[in-house]
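Comments concern the structure below.
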Amino acid sequence: MLEFDYDLFVIGAGSGGVRAARLAAQMGKKVAIAEESKPGGTCVVRGCVPKKYLVYGAEYGSSIAASEKYGWSYENLDFNWEKLRDSIQKEVDRLSGIYSNILNKNGAVVYNERAEFIDKNTVILTSSKKKISAENILIAVGGRPWSPDINGVEHSIISDDAFLLEKLPSSILIIGGGYIASEFAGIFSGLGVKTIQAYRGEHLLKGFDKDIRLRVGTHQKINGIDVRYNISPLEISINGETYNTHFDDDSIINSDLVFMATGRRPYTSSLGLDRVGVKTDALGSIIVDGLSKTNIQNIYAVGDVTNRLNLTPVAIREAKAFIETLYGSEQVEYDHSNIASAVFTRPPIGVVGLNEAQARELYGDDIVVYETSFRPMKNILSGKEEKCFMKLITEGMNEKIVGIHIIGDDSPEIIQILGICVKAGLTKADFDNTCAVHPTLAEEIVTLNARA
Ligand code: NDP
């Protein structure tokens, strides 16, 4: 029997890595984990958590404006970016500390430095040069923002930087039409920054239901965001304190700041994967099977580094399934179907299951689409133009629900519960049999009519 320093070594203390390390340690395994940055990973340190706080910050601004008809008036209204930024960072540090404590309390050894592979059972910690061996190694290093290689790209910021800005710009150009671009456009506009979002496609949020895509663009405009479609950036130059971004339609957009939100890539470069022969795809994503195993027998990967479904709760579930398989009595394959998710635009989006185009491709004319669009009660009094839209798609004689799409306040909260219904295979009749909770926005989901 070969002797190793640890049963399991985890590279990356983000959501997936920490969950795997903690569960293995709780099962009595000898575990170590390496993290080059703060424990907590993208979600806690430079993603979901600080982003959601920024969204809350932006919403306060629009709520104040909308509260006038509710009788409120304010004098000397002021917004202090530094205060919001610093309170968020304090909370990030607190949460990161909790992650470290969880690991320590459960007996996992934490190395606060970068680890790279030497061979299939050995990593080297790059600062201390310490070599550590382990029977099994889990790669959970996540992804990193990616920017196109255009002239002057070094003048732009990425999402990591957006949380730490020294001061708020008076204008910002956000390039991209995906999650991060659309969410941050809502944040900056809500904080009073003149915001331009430039996207190379026809409608924002590729991959989402067409009706959601159309409406998110409308809402961005209602929020004062200047959305420009069908343009791609070619070059960024500086003119004094202003950045000039040149696009392929010969237009130039001037702004105080340029934010590249053009996607993320798995963080696999210089991990030493070539030394051990772990296979990756063209984007650098680690290729794994349903049990999160790579082509190397004792090396596994979970989370964004595998580029399956890049969501925090998915990484956590993959990690749990991996540990149950490795150290439990049966093989547990995590089922990636019908995972509900949200986009924190203003208003936000909640989605589960198939969009209409996907449902039609799969089931042809056997689908029924139910939908409604209405002005939420809160907005009627305040005079806010924003409408809520809901779409529910069923399939077959029994009208099994295969997709739900909502854009409107609280849709992330609503979709979490609807996710249970879709995962459980409920039908339209089950929804019809459920009495409404009045007056709410969510009640519309149990009173939907088929599209005319
Ligand atoms: P996305 O893939 O969502 O968006 C990237 C955007 O950049 C797309 O609009 C894409 O255009 C555009 N783009 C790509 N390359 C270029 C280029 N060369 N020039 C111009 N535009 C370009 O990535 P994000 O970084 O926004 O998010 C990454 C992932 O992180 C998401 O897919 C999601 O899984 C996760 N995430 C989840 C969140 C949530 O759950 N709320 C929040 C934030 C991130 P096109 O559409 O044409 O490809």
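The values are calculated or read from the model by the stated rules, or taken from the named source; none is laboratory data. Only a predicted model underlies this, so the values are computations on that prediction, with no experimental measurement involved. Don't worry about glycine lacking a Cβ; one is built from the backbone with ideal geometry, like all the others, and counts go over all protein chains shown. Please note that ligands, DNA and RNA were not included when accessible areas were found on the heavy atoms of the full protein model with its side chains. Shrake-Rupley method; radii C 1.70, N 1.55, O 1.52, S 1.80 Å.
Worth a mention:
- Quotient of the Cα radius of gyration of the range 113-246 and 2.2 N^0.38 Å, N being its number of residues: 1.41.
- Folded to 0 to 90 degrees: helix 48-66 orientation relative to the chain principal axis, Cα: 10
- Protein accessible area in the range 324-452, 1.4 Å probe - carbon and sulfur %: 51
- Cβ-Cβ FRET estimate between Thr447 and His336, R0 fixed at 22 Å, reported to 0.05: 0.10
- Separation between Cα centres of the range 142-181 and the range 385-452, rounded to whole Å: 35
- Options Gln197, Gly152, Ser341, ranked by Cα towards positive dipole end of the chain, top entry (Cβ charges): Ser341
- Remark: spin-label model distance Val437-Ala424 equals 1.4 nm, labels positioned 7 Å along the Cα→Cβ axis.
- Normalising the average separation of contacting C-alpha pairs (under 8 angstrom, six or more residues apart) by the number of residues puts the relative contact order of the chain at 15 percent.
- In nm, spacing of pseudo-spin labels at Glu68 and Ser270 (7 Å Cα→C-beta vector): 5.3
- Principal axis dimensions, largest first and in whole angstrom, of the chain by Cα: 72, 65, 43
- Inter-probe distance in nm under a simple model that places probes 7 Å from Cα toward Cβ, at Val368 and Arg228: 4.6
- Computed with a 1.4 Å probe over protein heavy atoms only, the accessible area of His438 comes to about 150 Å².
- Averaging the sequence gap over all C-alpha pairs within less than 8 Å and six or more residues apart, then dividing by the number of residues, gives the range 111-253 a relative contact order of 17 percent.
- Shape of the range 349-406, Cα gyration tensor, a/c cut at 1.5: prolate
- Cα centroid of the range 317-375 to Cα centroid of the range 221-300, whole Å: 24
- The residues of the chain present an accessible area of 48 Å² per residue when probed at 1.4 Å with all protein chains retained.
- Residue-span extension gain [Lys131 to Gln26] - 0.36 nm each, minus C-alpha spacing: 35.3 nm
- Accessible area in the full protein assembly, largest first, 1.4 Å probe, for Trp81, Trp146, Trp72: Trp72, Trp146, Trp81
- Using Cβ point charges alone (K and R +1, D and E -1), the dipole size of the chain about the Cα centre works out to roughly 760 debye.
- Dipole magnitude of the range 268-401, debye to nearest 20 (Cβ charges: Lys/Arg +1, Asp/Glu -1, about Cα centre): 620
- Cα convex hull, the range 17-168: 174 Å³ per residue, rounded to a whole number.
- The figure for Arg451 is an accessible area of roughly 90 square angstrom, using a 1.4 Å probe on the protein chains alone.
- Segment Glu75..Asn254, full-extension length gain: 61.2 nm, with 0.36 nm per residue of separation and the alpha-carbon distance subtracted.
- Computed helical MRE - 222 nm, the chain, DSSP H runs ≥ 4 contributing -39500 (n - 2.57), nearest 500: -9500 deg cm²/dmol
- The range 20-67 shape via C-alpha gyration tensor axes, a/c threshold 1.5: prolate
- Whole-number percent relative contact order across the range 258-360, with pairs defined as alpha carbons under 8 Å at least 6 apart: 16
- Semi-axes of the equivalent ellipsoid for the range 299-452, Cα gyration tensor, largest first, Å: 32, 20, 14
- Probe 1.4 Å - accessible area at Ser251, Å² to nearest ten: 30
- In range of the label at Glu202: residues from the range 320-360 whose backbone nitrogen is under 14 Å from the point 7 Å along Cα→Cβ: 357
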